[in-house]
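Structure first, commentary second.
The values are calculated or read from the model by the stated rules, or taken from the named source; none is laboratory data. As the structure is a prediction and not an experimental result, all values here were calculated from the model. Methodologically, a virtual Cβ is constructed for each residue, glycine included, from the backbone with ideal geometry; neighbour enumeration extends over all protein chains shown. Only protein heavy atoms, including side chains, enter the accessible area calculation; ligands, DNA and RNA are left aside. Shrake-Rupley method; radii C 1.70, N 1.55, O 1.52, S 1.80 Å.
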Amino acid sequence: MANILTNLIHRQAEKYGDREAYSYKATGTETWEPTSWSDLRHKVDSVARAFEILGYKESDHIAIFSANRPEILITDFAAYANRMVPIPIYSTSTADQVAYIVNDASCHILFVGTQAQYDLVRTVADKCPSLRQIVTMDEVQLQEGDTTTMPFSSLIALGEKAGEATIAEVDRRTGASEAEDIATIIYTSGTTGEPKGAVLPHSCFNTAMEIHRERLTQLNDSDTSICFLPLSHIFEKAWTYFCLYSGMRVAINNDPHDIQRSLREVKPTCMCSVPRFWEKVYTSVQEKLSEMKGIRKWIATRALTCGRLRNLHYKRLGLPIPRLLEWRYRFFDKKVFAPMRRAIGIPNGKMFPTAGAPLSANIVEFLQSCGIDIIIGYGLSETTATVTCYPDTDFVIGSVGTTLPGIQVKIGEENEILVKGATVMRGYYNKPEATEEAFTADGWFRTGDAGYIDAEGNLVLTERIKDLFKTSNGKYIAPQALESRLGEDKYIDQVAVIGDKRKYVTAIIIPAFEALKEYARKKHIQYQNIEDLLRNIDIRTMIQERIDKLQESFAGFERIKKFTLLPRAFTMEAGELTNTLKIKRKVINSHYAREIDAMYA
């Protein structure tokens, strides 16, 4: 069987022709411009032929350094047609990180999105001996003496002039594609150490597409997805490929800060995301509910009670819904839940896969009660994304679902989750020792996550093994569990739980500043600046009371005893967050050593 990704665009263009494949709203414009499957095929063919004209060979590596935009998908599929290997780089990466990946993977050509990315790349281009060419997606001002950079539009124009020999050679390469060819190398964002490139052959994606279609039966080619997470993230890359494979329309969101507006404009039926997105939705809805009074408050409360009963106790379990309960739910859905979903931008939402970090069971239950079908899953770059996710019915909230067809999961030493299957990577590029460490002697991939499998086959995560720490009293603490619980609160934006080899647990907290300012306004709290506000005794007491309530279900030794409020957020630029927004604990412990020590003084 031919590789799915190699022929995907041609196959879908033959099936759908002038129907929309994707839409995109360019920077500075207000309209989502659609592109048909036929037009997408033309662009992919043109770029594929341009690669051959420029002398690129099978197995050559391409790096793509850009925020989400259509050119990424065009480049990916043009590369697959040539048996070349596209390698994504997060658009927020530093010059050193870009240079590291380009050099480690020996990339010959580098695609960049913006002027800023072009300028950044030019500062390290001389340190990248394999790099022969830069292609810019935006029109940029080239630096003096740069003779090796060309715009993406010129690449397409070059391919459009291809002769018969070039066309025949690209067709030959496409036909020669094999399942064991490398499809891509995904560099992990790295909470510890330097990035490692997970080598994913086409066989991984062939299997991933098929098993997702087998599991996600509620989706079809009438659906619309919005591409929100970075296409450099394996979750979004594999999900967007699956959407195209299924014939769905894809709206490509360029700026993550625009997602709420994009949702209201596109109204997708599905979208993959990380927990932080839904935490913000939850706190926003909770704030509106808290402001309701009288009959509106009563209706909202009754609606949530009805939604919980219908969606969690009947629909989730695949049980027939009593006629009276269904009638009541439809009333409350029309009055409460449908307007809420419209305000978010998902009036016709079907399912919303969510992974990458823990999401509080309270938030999952709330969203499910409101008719927002959150599908919790678990996976890694090394497993071509999904290992487990909620099935259509009988899913267990608090778990990350059951394994996808053909994937095996078992629990190893230290309760580590081990995975085996056709979607598991070949190994880490250029890192034989790291590859050997990543697998057991009998070939199971070590995820680095701990958990257990319940009696019904649901996988439950307990902690990231490297994140687990032990207090000086000998008690083990799983910080992510506390961090996800505190993430429910509307006044808390980011949390880093501290306590390794310490007497008790503490936390560095970044408040949700706008919500805190609004609270201060309502309570008539005077302050000169953010630092002054965070020192206010009333503010600290309020935060303490909310933390105490949130951690009631935790054992005494697990609870946060002291906290520090910081006036600025953790950022990728400061090295405190990975590109997937996970906190780098070692960096935070180093940057805020003085504040941490003060909590133990």
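Take the chain and mark each of the GluC sites (Glu not before Pro) that is in a DSSP loop with at most 15 other Cβ atoms within 10 Å; the longest unmarked stretch, sites excluded, is 181-455. Among residues other than residue 476 with Cβ under 10 Å from its Cβ, the summed charge is 0 (Lys and Arg +1, Asp and Glu -1). The amide H of residue 498, built 1.01 Å from its N in the peptide plane, has 506, 507, 508 as neighbours under 5 Å, considering only residues 5 or more places off or on other chains. With respect to the chain, whose longest principal axis is taken over its alpha-carbon atoms, helix 513-522 is tilted by about 30°. Remark: the range 78-138 carries 32 Å² of accessible area per residue (probe radius 1.4 Å; ligands, DNA and RNA excluded).
Most simply put, the range 144-253 has about 55% antiparallel DSSP beta bridges, counting only bridges with both residues inside it. What aspartates and glutamates could a cross-link reach from residue 25, if we take a straight Cα to Cα line under 16 Å and drop same-chain neighbours fewer than 8 places away? Those aspartates and glutamates meeting the cut-off are 33, 71, 138, 255, 258, 265.
Amide H contacts for residue 380 (H built 1.01 Å from N in the peptide plane; partners 5 or more residues away or on another chain; cut-off under 5 Å): 385, 387. Residues whose amide H lies under 5 Å from that of residue 64, counting only those 5 or more places away or on a different chain, are 87, 89, 111; hydrogens are built 1.01 Å from N in the peptide plane. Using C-alpha pairs below 8 Å separated by at least 6 residues, the relative contact order for the chain is 11 percent.
Kindly work out what percent of the DSSP beta bridges joining two residues of the range 445-577 are antiparallel, to the nearest 5. In the range 445-577, approximately 70 percent of DSSP beta bridges are antiparallel ones. Electrostatic bookkeeping for residue 417 treats Lys and Arg as +1 and Asp and Glu as -1; over the other residues with beta carbon under 9 Å from its beta carbon, the sum is 0. Heavy-atom accessible surface of the range 156-286, averaged per residue, reaches 36 Å², computed with a 1.4 Å probe.
What the phi angles of the range 83-95 give under the Karplus curve with 6.51, -1.76 and 1.60, with θ = phi - 60°, is a coupling list of 6, 8, 10, x, 10, x, 10, 4, 5, 9, 5, 7, 4 Hz, glycine and proline written as x. Loop-located chymotrypsin sites (Phe, Trp or Tyr not before Pro) across the range 65-132 with a Cβ neighbour count of 14 or fewer within 10 Å are lacking, with loop assigned by DSSP. How would the range 496-601 be classified by its alpha-carbon gyration tensor: rounded, prolate or oblate, with rounded meaning a/c under 1.5 and the a/b versus b/c comparison settling the rest? Oblate, since a/c reaches 1.5 and b/c is not below a/b. Here the accessible area of the chain is 50 percent carbon and sulfur, with a 1.4 angstrom probe and all protein chains present. Of all aspartates and glutamates in the structure, those lying under 12 Å Cα to Cα from residue 582, and not within fewer than 8 positions of it along the same chain, are 467, 483. For the range 476-571, relative contact order (Cα pairs under 8 Å, six or more residues apart, normalised by length) works out to 35 percent.
Bridging of residue 297 to lysines at a Cα separation below 23 Å is possible for 280, 288, 334, 335, 490, 522, 523, 549, once same-chain residues fewer than 8 apart are set aside. Does the range 196-305 come out rounded, prolate or oblate by the C-alpha gyration tensor, with a ≥ b ≥ c the root eigenvalues, rounded set by a/c under 1.5 and, if not, prolate when a/b is larger than b/c and oblate if not? Prolate. Taken about its Cα centre, the chain carries a charge dipole of roughly 2780 debye when the Cβ of each Lys and Arg holds +1 and the Cβ of each Asp and Glu holds -1.
Per residue of the chain, the DSSP helices (runs of n ≥ 4 H) give a summed -39500 (n - 2.57) that works out to -11500 deg cm²/dmol at 222 nm. Taking label positions 7 Å along the Cα-Cβ direction at both residue 523 and residue 470, the computed distance is 4.0 nm, reported to one decimal. In a DSSP loop and with at most 16 other Cβ atoms within 10 Å, the chymotrypsin sites (Phe, Trp or Tyr not before Pro) in the range 529-568 are 554.
For the range 290-301, backbone phi angles converted through the Karplus equation (6.51, -1.76, 1.60; θ = phi - 60°) give residue-by-residue couplings of 5, 8, 6, 9, x, 5, 5, 5, 5, 5, 4, 5 Hz, Gly and Pro being listed as x. Sequence-ordered 3J(HN,Hα) estimates for the range 8-25 from the Karplus curve with 6.51, -1.76 and 1.60 and θ = phi - 60° stand at 4, 5, 4, 4, 6, 5, 5, 7, 10, x, 7, 5, 5, 9, 8, 10, 8, 10 Hz, glycine and proline given as x. Here the contact order of the range 134-242, divided by its residue count and restricted to Cα pairs under 8 Å and six or more residues apart, works out to 15 percent. How would the range 118-217 be classified by its alpha-carbon gyration tensor: rounded, prolate or oblate, with rounded meaning a/c under 1.5 and the a/b versus b/c comparison settling the rest? Oblate is the answer for the range 118-217, as a/c is 1.5 or above yet b/c matches or exceeds a/b.
The charge dipole of the range 1-142, taken about its Cα centre with unit charges on the Cβ atoms of Lys, Arg (+1), Asp and Glu (-1) only, comes to about 300 debye.
A 1.4 Å probe run over the protein chains yields, for the range 329-454, 40 Å² of accessible area per residue, whole-number rounding.
Counted without the sites themselves, the longest stretch of the chain free of trypsin sites (Lys or Arg not before Pro) in a DSSP loop having at most 13 other beta carbon atoms within 10 Å is 294-465. The calculated FRET efficiency for residue 598 paired with residue 143, based on their beta-carbon distance and R0 = 41 Å, is about 0.30.
At an R0 of 30 angstrom, the distance between the Cβ atoms of residue 39 and residue 222 translates into a FRET efficiency of 0.90. Between residue 157 and residue 130, full extension at 0.36 nm per residue minus the direct alpha carbon distance yields a gain of 7.2 nm.
Summarising the strand pairing of the chain, around 55 percent of its internal DSSP beta bridges are antiparallel.
Simple spin-label estimate for residue 338 and residue 210 gives 4.2 nm between the two label positions (7 Å along the Cα-to-Cβ direction from each Cα).
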